[in-house]
Each structure stands twice: as C-alpha cells, then as structure tokens.
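Only one structure is covered here, and it is reproduced in the block below.
The values are calculated or read from the model by the stated rules, or taken from the named source; none is laboratory data. Small disclaimer: the values here were computed from a predicted structure and weren't measured. Please note: Cβ atoms are built from the backbone with ideal geometry, for glycine as well, and neighbour counts cover all protein chains shown. With ligands, DNA and RNA removed, areas are computed over all heavy atoms of the protein, side chains included. Shrake-Rupley method; radii C 1.70, N 1.55, O 1.52, S 1.80 Å.
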Amino acid sequence: MIDGLKRYPAMKGSGALWLGDVPAHWSIRPLKHWVRMNVEVLPESTAPEHEFAYVDIGSVGTGVLTQRPQRLQFGTAPSRARRVVHNGDTIVSTVRTYLKAIYHVDGIAEQLICSTGFAVLTPDTATSPKFVSYLAQSSPFTDRVTADAVGIAYPAIAETRLASFHVAVPPLAEQAAIVRFLDHADRRIRRYIRARQKLIKLLEEQKQAIIHRAVTRGLDPNVRLKPSGVEWLGEVPEHWLRVPMRQLARRGRSTFVNGPFGSDLLTSELTIAGVPVIYIRDISRGSYRRVSKACVTVAKSASLEFCQVTGGDVLVAKVGDPPGTAAIYPTDEPDGIVTQDVIRIRPDMSRVIAGYLVTYLNSRAGRIAVGPVVVESTRGRVSLPDFRAVPVVLPPLAEQQAILDEIATITEDIGAAVGKAQREVDLLREYRTRLIADVVTGKLDVREAAARLPDESDEPEPLDAADAEPDTDDPADDVDAAAQEAEA
C-alpha cells in the first residue's frame, strides 16, 4: 500500500517536538488558529422536554462509536451533556485521555450533544473536516494529549493547553488528497480486520460450546443426570451440587465484597506509587492485566483492609461486556485494592478451585446465570447482593480439576488459532496507526498515489466496535471533577 510513496522534496523544522520536520509549504499554527473549539452549547434556558442524542466518553473509541448515542431530555440529562456537535466536527476527549476517544461526526440527522469531557473541533471552509479528524486520531497527536494530561485515575488536559498545540496544515487541495488516500487505505485495512475478527468470533463460539458442555454436563457422556432446578440449565450430573455463589467464598465478613470507591475514597487520595487500585479495565477476556496506574498509600490501604486483593482471589467486573466477566488475581502481583465496580471473591478452596469458578463465570452458562442480577441502566451493572445468590452447579474438586485439564487440552489448538488471528489484527491496527501518523505529519507524500486511486463510495466501511478499546469504567461521577482538576 505504501510502495512507491516518496518523501517530500523540501522539509522545514516545525518548531514542535511532536511534529518534527514537515513539508516546507505547509503552514504551522496553533490549533485554536486553525479550527474553532466548543463553538456552541445548550443554554440553561433550554426547555426540559427538549430531546437530543447524547454521546459521552464511554461510548467513543478512536475513530468509532462503541455504543449508540443515548436519547435524553434536557431536564433529566447529566449536567455535562451540553456541547452541541454538527456534521463535520471532530470530538476529542480531554478527560481520561488514555482512552483516545476521538470521533468524526458526519451524516447525523438529529441534534447531537456531547459531554463537556470532549473538545469539539469545528473546521472552517478552508479546511477538510476529515483531515482534522485524521490528524486528531494520529498517534503523535494523541500521545501529546496524553503526555500533557494531569491527574492519576482520570487524567485530563486543560482545553487551553490543547488549543495551544501547534499543528502542520497543508493546502486545502492537499488535505483532500490525503483524505482520499487514507480513506482508501482505511477501507482495505478495516476489511482485513473485520475478516480476522469474524474468524476469531467463530473460534471463540466453538470454544464456548466446548466449555459450556463441560461445566454443565461434565466429561462422562454416560453419567446419570438429574433436574438442576434451573429452567435454562436443564439436567446436570446426578452427583453435582447446586449452590449459591456466596457459599463458594471463605467464611468471614470480608470474603465477598466490592470496593468503596466513589464516596470513601476521593480522587485526591490517589497516588502514583503505593498499593495498586484495581479497576474494571484491568479485567479483560477472563484474565487480569494491569492497565490503570492509580495507587493509594499503604496507610490508606490499611484502612480499607476489607477490600484488599491478594494472589489467587477471584475478581468479577460489575460492569462490562458482558457484566460478570471474571479473572484470577495473579500470585506475582502485589496486593491491591478493588474499586466499587469490582467484586472480590476469596474462594473456599475446600469447595471450589478458583480457576473453575472463573471458567464457569466466563462460560455461556455463567453469563446466563448472571443475567437476572444485572440491573438495567445506561450500561448493565451487576447487583452485589443479588450476585451472591447466583446459582452455580458444582462438581467435586477432583472433577473440577479434570474438567479444567480437559478444556485446556481440547481448546489448545483453538487458542493458538485465535492468538494468531489476534496478532494479525494487532499488526493491522499498528500499520494503520503508523500510516495515518506518517501521512498527516508530512513524512510521506501521497498526492500522486491519491490521484491514481479508483473512484469509490464516499461511505466509509464501518469499523466494528470490537476494533475499539472498550471503556468499562463509569464516568458519571468523575468527568466534571477531572476536568476541573485539569484546569486548576
């Protein structure tokens, strides 16, 4: 795709470290002198019954909506639902900047309002709207935004700081050529990604079918069965028990809890070093991987001893896709503290193997079992008191281990195929990111290549929401506070 692309014949220093050298005929100017920012807001005099579509930080990935806009009325909408967005605008998250939530708005037929956690970039008639979007999505730009953000749990960048960024702007005709080239490349890359994602989905469905049968029927096809007492589950092995989730935790007051954060722990109490704070975004696809960087002091941790986490504990996400996703906290990680949206279970090892409980919760059976205790809201959320009563069909310990071993053996090849396809997706994403960055910062000249491209539909091929990094923390109580922190 980049074969034959050349460098620009004449370059000049941009004066901005993140840009480096740029084509000599491109102009350098502050962002605020190139596009307008936050032009229009809903006034407080807006009628309470006024309806609009609303986009918040959690529903935007990099270049894609991960959730449909919500239908809200002004009178009941959150106070941050104020910024008016028009076709051609690009919205850039200034709060929780690590999410890189950036979206180009086009083709909307109704009024769209976004959170005050976004900066709305509005181009003038001498600027290609899509070029603004590509530049804002480029890794040099998003890395600069992230680097200039302040705050720990909810880093944010002041709008005045964002507005002062210097950008390199090519002539309008060249912007159009760049957009034409990147749109063409983007369609092809998305098509490849979508094909790999479909393969991954089919493989995961096959794996889930194997796991579902193993955790609901066991390994012996000739085992005697009995009614489970659960309509959707049907019959289970005669010697298996049906127990509520709470009976699988050790006895004691603090073996089945979630964190207190949001009220007992203030954002100001978070630190860079100390005892790790565990967020939902650290639990993904049935495994734990620390993404968040927030900590609390050892002294603060001691006052929250009841929600501390240690190696071997089971973590359950109260919010996510789907709610109830579980993972084992690794034994090589330092002890941590869970937030209010993470359930920590300290398994009773005389009754259940932690790995088996996690496998059950992440299986089709576990998701169905958890479904009735998910409280419907903007995003489904597991109710902790109800979650304690979720039914688990439980084989003896030796059989639990045998099931885990058999699942690992049978699904090994599937896991390898999924891993290979996922690596291909990751490489394609990396290639797309690098290509956009090199083109919009003037490192590659695509003018001739764009002129040779065939005519294509103006409609971009949709990028599956799965290609975006999902946000799983609830921003409802933190966006305004983080924005104020950045302005301070």
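Numbers below:
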read-out: Order of exposure, largest accessible area first, which applies to Ile102, Ile368 with probe 1.4 Å; value: Ile368, Ile102
read-out: Two-decimal ratio, the chain, of alpha-carbon radius of gyration to 2.2 N^0.38 Å; value: 1.09
read-out: Separation in nanometres of the label points that stand 7 Å from Cα toward Cβ, at Leu17 and Val291; value: 2.7
read-out: Neighbour net charge for Ala417 - beta-carbon separation under 14 angstrom, K R +1, D E -1; value: +1
read-out: Cα centre as origin, Lys/Arg/Asp/Glu Cβ charges: segment 262-383 dipole, Debye; value: 400
read-out: Volume of the Cα convex hull of segment 323-403, divided per residue and given in Å³; value: 112
read-out: Using θ = phi - 60° and Karplus 6.51 cos²θ - 1.76 cosθ + 1.60, couplings along segment 201-214 (whole Hz; Gly, Pro as x); value: 4, 5, 5, 5, 5, 4, 4, 4, 4, 5, 5, 4, 5, 5
read-out: Accessible surface of Ser139 - all protein chains present, 1.4 Å probe, nearest 10 Å²; value: 30
read-out: Label-to-label distance, nm, for residues given as Ile108 and Gln206 (7 Å Cα→Cβ offset); value: 4.2
read-out: Rounded to the nearest 10 Å², the accessible area of Glu204 at probe 1.4 Å; value: 70
read-out: For segment 373-447 versus segment 39-107, the gap between their alpha-carbon centres in whole angstrom; value: 28
read-out: Over segment 1-118, relative contact order from alpha-carbon pairs under 8 Å, at least 6 apart, %; value: 24
read-out: For segment 262-395, average projected area of the Cα convex hull in nm²; value: 8.4
read-out: Scattering curve values for segment 177-240, log₁₀ I(q)/I(0), Debye with Cα scatterers, q = 0.18, 0.23, 0.29 Å⁻¹; value: -0.75, -0.93, -1.12
read-out: Cα-Cα separations in segment 43-114 greater than 15 Å, expressed as whole percent; value: 52
read-out: Candidate residues Arg452, Arg187, Arg217: accessible-area rank, largest first, probe 1.4 Å; value: Arg452, Arg217, Arg187
read-out: Geometric extent, Cα atoms of segment 1-139 - Rg, Dmax (angstrom); value: 17.5, 58
read-out: Charge sum, other residues only, whose C-beta stays under 13 Å from Leu357's C-beta, Lys/Arg counted +1 and Asp/Glu -1; value: +3
read-out: Glu305 paired with Arg429, simple spin-label distance in nm, labels 7 Å along Cα-to-beta-carbon; value: 4.1
read-out: Interchain or long-range residues, amide H under 5 Å from Asn258's placed H; value: Arg344
read-out: Largest to smallest accessible area among Met349, Met245, Met37 [probe 1.4 Å]; value: Met349, Met37, Met245
read-out: Rounded percent of accessible protein surface that carbon and sulfur make up, the chain, 1.4 Å probe; value: 52
read-out: Heavy atoms of Asp321 accessible to a 1.4 Å probe, total area in Å² rounded to 10; value: 150
